[in-house]
Amino acid sequence: MTAPGTESIRVRPAARRRSAWRTQAPVVAVVALGGALGASGRYALTLAWPTPTGGFPWATFWTNVGGCAVIGVFMVLITDVWAAHRLVRPFFGTGVLGGFTTFSTWAVDVRRLTDAGRPGAGLACLAATLLGALAAVWLASAAARRALTGRRR
């Protein structure tokens, strides 16, 4: 039993769902917009640098490695340098960079190389992309932190 005047207000489930949608709708919209921009950039890159049949997918490799480097710098900027608007990270990090990097195409490229009778190249693509992407995000974030630390002295 509660004291008079302190009863909790019950919110109807439908009202809670509408409220959650109003909060999340802008996030969904900026992720979709950013994803469209990032995917368009990736597509343009693959048109400019097509992979020959059975060839190593350099466009996919550099898209993923470069995108991971940008993610590393971006995360340092929005966590260590400035308080970004709540929609910046979903727009740029999840949307643009998520649409630009293409780990699903990476998996398809590995399979294509293997199916073309080049399992060594497929394994090299698998390992080089994974190691290159991890190294890129680590090195880029470390370099960004070091550059920022040097500026503050």
Sole miss for ALA36 among (1) loosely packed, with under 14 Cβ neighbours inside 10 Å; (2) of a type in the set (A, V, I, L, M); (3) more than 13 Å from the chain's Cα centre (by Cα) is condition (3)
Scanning the stretch 141-153 for residues that are open to solvent by 40 Å² or more (accessible area, probe 1.4 Å) and in a helix (DSSP H, G or I) gives ALA142, ALA143, ARG145, ARG146, ALA147, THR149, GLY150, ARG151, ARG152
Of (1) at pLDDT 95 or above; (2) crowded, with 16+ Cβ neighbours inside 10 Å, THR102 satisfies every one except (1)
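Pick from TRP49, TRP82, TRP138: which is within 30 Å of ALA25 (Cβ to Cβ) and loosely packed, with under 14 Cβ neighbours inside 10 Å?
Working: TRP49 fails: within 30 Å of ALA25 (Cβ to Cβ); TRP138 fails: within 30 Å of ALA25 (Cβ to Cβ).
None of the others qualify; the one that does is TRP82.
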Being open to solvent by less than 60 Å² (accessible area, probe 1.4 Å), at pLDDT below 95 and more than 23 Å from the chain's Cα centre (by Cα) narrows GLY55, GLY120 down to just GLY55
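The values are calculated or read from the model by the stated rules, or taken from the named source; none is laboratory data. Predicted, not measured: the structure shown is a model, and the values here were computed from it. Every residue, glycine among them, receives a Cβ derived from its backbone with ideal geometry; neighbour counts consider all protein chains shown. The protein model used for the area step is the full one, side chains on, heavy atoms only, and it has no ligands, DNA or RNA in it. Shrake-Rupley method; radii C 1.70, N 1.55, O 1.52, S 1.80 Å.
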